[in-house]
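Asker: Here's a structure for you.
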Amino acid sequence: MTTLTFDSLNPATGAVVGSHPNQDAEAVGAAVARAETAAAWWGGLGHAGRRRRLLDAKAVVTRHLRELAALVHEETGKPVGDATLEIVLAITHLDWAARHAEKVLRRRRVATGMIGVNLAASLEYLPLGVVGVIGPWNYPVFTPMGSIAYALAAGNAVVFKPSELTPGVGVRMAELVAEAVPEHPIFQTVTGLGETGAALARDPRVKKVAFTGSTATAKRVMAACAENLTPVVIECGGKDAFIVDADADLEAAADACLWGALSNAGQTCVGVERVYVVDAVYEPFMRELSQRAASVRAGEHYGPITMPGQLDVIRRHIDEAAKSGTVVTGGPDSVRAPFVDPVIMADVPEDSPAVREETFGPTITVRRTRDVHEALELANASAYGLAGTVFSRNKRRAMELARAMRTGMTAVNSVISFAGVPALPFGGVGDSGFGRIHGADGLREFARPKAVSRQRFALPGMNLTSFTRGEQELERLIRLVTFLHGRRKR
Ligand code: NDP
């Protein structure tokens with residue numbers, strides 16, 4: 001069983017925030033076994049029982065908002081205000097999932113069509129059982145809750161492995177839910193390093209794994225899940241683009257761009273990393289952007305880099321970009337561990353790591369484009385495809401651009417606004433992953449569709465699924481199908 005512990009540290013000060021067990025495969029297995037029993041009970045409660053308890057859980061989390069925000073602040077280094085915002089969003093999702101699960105998942109009749117005229121058909125979405133959630137450290141409440149809340153609302157029990165950088169937040173969330181639902185451990189947290197997550201992914205009793213983190217680790221998780229054909233929902237990072245059209249409100253665009261790029265020290269999967277500005281407004285936009293950036297400071301407006309190893313990635317991206325591009329704000333000296341001050345780089349070649357790879361730091365590259373079409377083309381020329389932003393006063397063009405962006409989400413004249421709308425699904429394409437959390441799609445992600453067709457009466461002379469079927473039945477079928485589908489009809 002578990003013998004060792006590990007510490008979570010405050011990345012700004014290095015102080016120990018808490019010590020947690022490094023749970024091994026046996027301990028993870030025991031948690032999954034408990035979750036199986038809990039899942040049977042939880043699944044049997046039905047929608048109304050789950051809704052009441054989840055709304056209670058939401059109330060408990062809300063009453064501990066300040067305490068949880070302080071813990072997020074300590075483990076990630078982010079300002080308490082940002083931690084509070086993240087938890088408020090998570091609460092909104094928990095509320096939405098609890099209130100909408102029944103409507104989205106309950107049994108409904110579906111039309112049977114002419115050939116099935118003697119049938120009644122129904123569809124419902126049933127729980128999977130135990131769901132494993134492997135979470136990141138950048139938004140240790142909001143991001144995993146996007147899976148946990150929806151998986152619970154769909155009737156599953158959850159075993160959660162938080163990042164080794166934010167174990168305390170994960171443990172506290174499970175304690176708070178248990179306060180509201182003391183009967184069975186419907187939501188447990190197992191702590192540990194990567195191997196603890198791997199043990200969870202390998203366990204055949206886990207019926208779905210929701211992973212958020214790097215693309216490289218996602219592939220390892222998928223390989224482990226492949227052994228048992230365990231389905232996965234994968235949310236990796238992005239290289240999100242921000243397009244500024246000629247008629248955009250430049251002040252609002254610059255303000256939103258900076259916040260989208262710098263808040264949480266740029267450690268946001270849907271953070272702004274690449275900016276494409278049409279030629280006509282390039283200079284005034286850059287003036288606005290750099291003026292505003294001059295008053296934003298690490299350690300004051302946003303926190304440190306939470307994961308020490310990330311500093312090397314950020315430094316490499318800036319150094320490479322500085323060789324061939326123009327550094328407009330900050331530069332290599334902006335990296336003063338564990339903080340990184342804002343860095344804006346222009347004219348960086350599109351094949352530079354700062355444009356191609358996820359930086360996950362408070363840096364952006366800005367590029368002048370001929371028009372919005374070129375901006376869109378460059379925005380879409382990425383292996384990632386998580387989210388993006390369009391700023392334009394022309395509503396029609398903004399919507400066209402947003403729809404043509406090869407991403408799961410796009411915000412128009414705002415940044416990251418989709419994350420605050422619980423009804424909208426969240427997830428990406430390409431290297432950003434697949435599957436969706438949030439919204440009705442997020443609920444269905446953690447359920448299995450169950451289809452039932454019931455014969456209401458036998459169709460005289462039309463028993464097609466029988467060895468007694470004769471030529472006449474087949475003839476009638478051909479006539480029917482020709483009548484239904486044989487004519488050109490729009
Ligand atoms: P990882 O992808 O390595 O970690 C994400 C989660 O997976 C953590 O809980 C981690 O646990 C766990 N894990 C690690 N190895 C395994 C494994 N073999 N099997 C199962 N689970 C495992 O990301 P990092 O935290 O190391 O960050 C690396 C980069 O990923 C960042 O720099 C950033 O670019 C990107 N990232 C993107 C995020 C997003 O929001 N999309 C969030 C976080 C990171 P443990 O922490 O204990 O290793």
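The values are calculated or read from the model by the stated rules, or taken from the named source; none is laboratory data. Not measured: the values here are computed from a predicted model. A quick note on method: Cβ atoms are made from the backbone with ideal geometry, for glycine too, and the neighbour counts reach across all protein chains shown. To get the accessible areas, we keep the full protein, side chains included, count just its heavy atoms, and leave off ligands, DNA and RNA. Shrake-Rupley method; radii C 1.70, N 1.55, O 1.52, S 1.80 Å.
Asker: Mind checking the log10 I(q)/I(0) for region 151-297 at q = 0.08, 0.13, 0.19, 0.22 Å⁻¹? Debye, one equal scatterer per Cα, no solvent, two decimals.
Answerer: -0.38, -0.76, -1.07, -1.31
Asker: Quick check for you: which residues of region 152-177 have the amide N under 19 Å from the point 7 Å beyond the Cα of Phe6 toward its beta carbon?
Answerer: 159-174
Asker: Which of the peptides 285-294, 423-432 is most tightly packed, and how do the rest follow, going by the mean number of other Cβ atoms within 10 Å of each residue?
Answerer: In descending order of packing, they fall as 423-432, 285-294.
Asker: Does region 387-489 come out rounded, prolate or oblate by the C-alpha gyration tensor, with a ≥ b ≥ c the root eigenvalues, rounded set by a/c under 1.5 and, if not, prolate when a/b is larger than b/c and oblate if not?
Answerer: Prolate, since a/c reaches 1.5 and a/b exceeds b/c.
Asker: In nm, what is the difference between 0.36 nm times the number of residues separating Asp279 and Ala30 and their Cα-Cα distance?
Answerer: 83.6 nm
Asker: Order these peptides, 470-481, 124-135, by their mean beta-carbon neighbour count within 10 angstrom, highest first.
Answerer: The most tightly packed comes first, giving 124-135, 470-481.
Asker: Counting only pairs 8 or more residues apart or on different chains, how many lysine pairs in the chain have their Cα atoms under 27 Å apart?
Answerer: 22
Asker: Pairwise over distinct Cα atoms, reciprocal of the mean inverse distance: report the Kirkwood radius of region 23-64 in Å, one decimal place.
Answerer: 12.0
Asker: Only bridges whose two residues both fall in the chain count here: according to DSSP, what percent of them are antiparallel, nearest 5?
Answerer: Restricted to the chain, the bridges split so that about 40 percent are antiparallel.
Asker: Before rounding to the nearest 500, sum -39500 (n - 2.57) across all DSSP H runs of length at least 4 in the chain and divide by the residue total; then give [θ] at 222 nm in deg cm²/dmol.
Answerer: Rounded to the nearest 500, the figure is -13500 deg cm²/dmol.
Asker: Please compute the per residue accessible area over the chain with all protein chains in place, 1.4 Å probe, rounded to a whole number of Å².
Answerer: Normalised by residue count, the accessible surface of the chain is 44 Å².
Asker: Net charge around Asn22, counting only other residues with Cβ within less than 15 Å of its Cβ (Lys, Arg = +1; Asp, Glu = -1)?
Answerer: It works out to a net charge of -4.
Asker: Please compute, for the alpha-carbon atoms of region 100-156, the extent along each of the three principal axes and give them in descending order in Å.
Answerer: Principal extents (Cα only, largest first): 54, 19, 17 Å.
Asker: Can you pull out the GluC sites (Glu not before Pro) in region 341-388 whose DSSP state is coil and whose Cβ has at most 14 other Cβ atoms within 10 Å?
Answerer: Glu350
Asker: If you roll a 1.4 Å probe over region 1-119 with all protein chains in place, what percent of the accessible area is carbon or sulfur?
Answerer: Roughly 56 percent of what the probe reaches on region 1-119 is carbon or sulfur.
Asker: How charged is the neighbourhood of Ala149? Take every other residue with its Cβ under 13 Å from the Cβ of Ala149, and add Lys/Arg as +1 and Asp/Glu as -1.
Answerer: So the environment of Ala149 carries a net charge of +3.
Asker: Would you calculate the volume per residue, in Å³, of the smallest convex hull containing every Cα atom of region 240-421?
Answerer: Per-residue hull volume (Cα only) is 101 Å³.
Asker: Starting from the alpha-carbon convex hull of the chain, give the projected area averaged over all orientations, in nm².
Answerer: Here the figure is 27.4 nm², rounded to one decimal.
Asker: Would you tally the net charge around Leu250, using a Cβ to Cβ cut-off of less than 12 Å, leaving Leu250 out, and scoring K and R as +1, D and E as -1?
Answerer: Net charge in that neighbourhood comes out at -4.
Asker: Separate question: Taking amide hydrogens as modeled 1.01 Å from N in the peptide plane, which residues meet the under 5 Å criterion relative to Val133, leaving out close sequence neighbours?
Answerer: Those lying under 5 Å, H to H, from Val133 are Val159, Phe160, Lys161, Ala210.
Asker: Ranked highest first by average number of other Cβ atoms within 10 Å, how do 248-254, 296-302, 232-238 line up?
Answerer: 232-238, 248-254, 296-302
Asker: Going out from 0 in 5 Å bins, what whole percent of all Cα-Cα distances in region 339-399 drops into each bin?
Answerer: P(r) over region 339-399, rounded to whole percents: 4, 13, 24, 27, 17, 11, 4, 1, 0.
Asker: Step through the residues of region 185-191 one at a time and calculate ³J(HN,Hα) from phi using the Karplus curve (6.51 cos²θ - 1.76 cosθ + 1.60, θ = phi - 60°), rounding each to whole Hz and writing x for Gly and Pro.
Answerer: Ordered by residue, 3J(HN,Hα) equals x, 6, 9, 10, 10, 10, 10 Hz.
Asker: If amide H atoms are built 1.01 Å from N in the plane of the peptide, which residues on other chains or at least 5 residues away come under 5 Å of the amide H of Val340?
Answerer: Hits under the 5 Å cutoff: Ile305.
Asker: Separate question: Dipole of region 240-421 (Lys/Arg Cβ +1, Asp/Glu Cβ -1, origin at the Cα centre): which of Leu262, Gly385, Ile364 lies farthest to the positive side?
Answerer: Farthest along the dipole direction, towards plus: Gly385.
Asker: With θ taken as phi - 60° and the coefficients 6.51, -1.76 and 1.60, list the Karplus ³J(HN,Hα) couplings across region 334-339 in order, rounded to whole Hz; mark glycine and proline as x.
Answerer: Those phi angles translate into 5, 7, 10, 3, x, 9 Hz.
Asker: What ³J(HN,Hα) values, in whole Hz, does the Karplus curve 6.51 cos²θ - 1.76 cosθ + 1.60 give for region 195-208 when θ = phi - 60°, with x put for Gly and Pro?
Answerer: Running phi through 6.51 cos²θ - 1.76 cosθ + 1.60 with θ = phi - 60° gives 4, 5, x, 5, 5, 5, 5, 7, 5, x, 7, 7, 9, 7 Hz.
Asker: Sequence-distant or interchain residues sharing an amide H contact under 5 Å with Ala298, placed H: which?
Answerer: none
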